[in-house]
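What follows is a set of notes on a single structure, which appears directly below.
The values are calculated or read from the model by the stated rules, or taken from the named source; none is laboratory data. Source: prediction; values computed, not measured. Positions of Cβ are generated from backbone atoms using ideal geometry, with glycine treated the same way; all protein chains shown enter the neighbour counts. In case anyone asks, the SASA skips ligands and DNA or RNA and just uses the protein heavy atoms, side chains included. Shrake-Rupley method; radii C 1.70, N 1.55, O 1.52, S 1.80 Å.
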Amino acid sequence: HSADAHRTDLMTITRFVLNEQSKYPESRGDFSILLNHIVLGCKFVCTAVNKAGLAKLIGLAGETNVQGEEQKKLDVLSNEVFIKALVSSGRTCILVSEEDEEATFVERSRRGRYCVVFDPLDGSSNIDCGVSIGTIFGIYMVKDGHEPTIDDVLQPGKNMIAAGYCMYGSSCTLVLSTGTGVNGFTLDPSLGEFILTHPDIKIPKKGKIYSVNEGNAKNWDGPTAKYVEKCKFPTDGSPAKSLRYIGSMVADVHRTLLYGGIFLYPADKKSPNGKLRVLYEVFPMSFLMEQAGGQAFTGKQRALDLLPAKIHDRSPIFLGSYDEVEEIKALYAAEVKKA
Ligand code: P6P
């Protein structure tokens, strides 16, 4: 019976979120409508990425295809799809995209209560070699009844009401948290639906993997260098950690979430604020890690407590298994004491 129930009791992401929403009787279903439009964007990008190699969707903007049309780069195309889907949902008021220098303020007649910050196709430099890439998003709710301003999105990540990513790899996997844990859904192309495949994801408390671009080692600060050294030459008799670095944040974070370990993009002399963007890379991934029982730290503070000054601000980030991040925090705290 149970196997059959599983097959016929299709828990789609839409149904899952509606179940969640039913816990808030006052909710008007707006979040479910917003999420469905994000899911629509992910489905589009999934198909576009999968056939990119064939349809020559990849490559530089400005190339013309066999029809002589101007080729849009996949990340430009993905951005347009998400912006249009989010505006047409009628539930958003401000959109911040990695692809757009300025925030998009939705015109009054289509305005809703949510602000969405997103990277439509993170890691897109990896498309041409077939490495998994992804969409990352975070959602804030604006306070009612005032003209939205950019300050409505310049909020600490702890104020997000939801965050997630969609990874376009061997399968299309959407990982989402609405503040009560983390759940993973896999696109069933025959149904065109995201089905619950990873209920209640919890990151292992410790991990055997560290994930960093070792090529930046000469520029690391003391605590980062010390931590990585400990990963390679443990002093407590524990086995050395394995290095896994894909160079696509969604893929590296997804592996860290499921297998445990730590992902780090530290500050270095060249880039004192690291490389990853606060609003639509650091905050959503930190939100998910905390919801899954892990931690996220900037080198100075809990990542979700950070208050961004500008929409494309960057921050160093150390995220993953609870105990691994504790070790980094101890090394940075010791550094502060010395100073
Ligand atoms: P590096 C991809 O370009 C990206 O924004 C993230 O997806 C990834 O984690 C990071 O940059 C990789 O950066 O400097 O190691 O190549």
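For the stretch 1-20: of the residues being polar (S, T, N, Q) and modelled with pLDDT of 80 or more, which is surrounded by the most Cβ atoms within 10 Å (Cβ to Cβ)?
Top of the filtered list is Thr12.
What number of residues within the stretch 237-252 satisfy the criterion of being in a loop (DSSP other than H, G, I, E, B) and either under 19 Å from Trp220 (Cβ atoms) or touching a residue at least 24 places away in the same chain (Cβ under 8 Å) (or both)?
Within the stretch 237-252, the first condition is being in a loop (DSSP other than H, G, I, E, B), and the residues that meet it are 237-241, 244-248.
Retained after the next criterion (residues that are either under 19 Å from Trp220 (Cβ atoms) or touching a residue at least 24 places away in the same chain (Cβ under 8 Å) (or both)): 239-241, 244-248.
Here the count works out to 8.
Only one residue in Glu98, Glu107 is without any contact (Cβ under 8 Å) to a residue 40 or more places away in the chain, open to solvent by 40 Å² or more (accessible area, probe 1.4 Å) and not hydroxyl-bearing (Ser, Thr, Tyr). Which one?
Glu107
Output the residue which, of all residues in the stretch 210-226 that are closer than 19 Å to Gly261 by Cβ and of a type in the set (S, T, N, Q), is nearest to the ligand (Cβ to nearest atom).
Asn213
How many residues does the stretch 239-256 contain that are away from the ligand (no atom under 13 Å from the Cβ) and of a type in the set (A, V, I, L, M)? Steps first, please.
As a first pass, look at the stretch 239-256 and keep what is away from the ligand (no atom under 13 Å from the Cβ): 239-242.
Those still in the list that are of a type in the set (A, V, I, L, M) too: 240.
Total satisfying the criteria: 1.
Here are some conditions: (1) at pLDDT 95 or above; (2) within 24 Å of Arg277 (Cβ to Cβ); (3) surrounded by fewer than 22 Cβ atoms within 10 Å (Cβ to Cβ). Asn219 meets all but one. Which one does it not meet?
Unmet for Asn219, out of (1) at pLDDT 95 or above; (2) within 24 Å of Arg277 (Cβ to Cβ); (3) surrounded by fewer than 22 Cβ atoms within 10 Å (Cβ to Cβ): (1).
Residues that are within 16 Å of the ligand (Cβ to nearest atom) and modelled with pLDDT of 95 or more: does the stretch 229-238 have at least one? Don't jump to the end; show me each part of the working.
Applying the first criterion (within 16 Å of the ligand (Cβ to nearest atom)) to the stretch 229-238 yields none.
No, the conditions are met nowhere in the stretch 229-238.
Would you call Arg255 at negative phi and free of Cβ contacts under 8 Å to residues at least 40 places away in the same chain? Let's see the steps before the verdict.
Working: at negative phi: yes; free of Cβ contacts under 8 Å to residues at least 40 places away in the same chain: no.
Judged against the criteria, Arg255 is not a match.
Is it the case that the stretch 127-143 has a residue that's within 15 Å of Ile311 (Cα to Cα) and either touching a His at 6+ places or on another chain (Cβ under 9 Å) or among the acidic types (Asp, Glu) (or both)?
Checked the stretch 127-143: no residue is within 15 Å of Ile311 (Cα to Cα) and either touching a His at 6+ places or on another chain (Cβ under 9 Å) or among the acidic types (Asp, Glu) (or both).
Looking at this structure, is Asn159 modelled with pLDDT under 95 and within 29 Å of Ala309 (Cα to Cα)?
Values: modelled with pLDDT under 95: no; within 29 Å of Ala309 (Cα to Cα): yes.
The answer is no for Asn159.
Between Asp200, Asp188, Asp144, Asp151, which is surrounded by 14 or more Cβ atoms within 10 Å (Cβ to Cβ) and among the acidic types (Asp, Glu)?
Asp188
Go through Gly179, Gly207 for me and flag whichever is part of a loop (DSSP other than H, G, I, E, B), among the small types (Gly, Ala, Ser) and within 17 Å of the chain's Cα centre (by Cα). Break it down stepwise before answering.
Numbers: Gly207 fails: within 17 Å of the chain's Cα centre (by Cα).
The match here is Gly179.
If you scan the stretch 271-286, which residues turn out to be near the ligand (Cβ under 10 Å from one of its atoms) and free of Cβ contacts under 8 Å to residues at least 60 places away in the same chain?
Ser271, Gly274, Lys275, Leu276
Which of the residues spanning the stretch 137-157 are farther than 25 Å from Gln291 by Cβ and touching a residue at least 24 places away in the same chain (Cβ under 8 Å)?
Within the stretch 137-157, Asp144, Pro148, Ile150 meet the criteria.
Is there any pair linking a residue in the stretch 124-136 that is surrounded by 16 or more Cβ atoms within 10 Å (Cβ to Cβ) to one that is among the acidic types (Asp, Glu), with Cβ under 8 Å and at least six apart or on different chains, and which?
The qualifying pairs are Ser124/Asp75; Ile133/Asp122; Gly134/Asp122; Thr135/Asp119; Thr135/Asp122; Ile136/Asp119; Ile136/Asp122; Ile136/Glu281.
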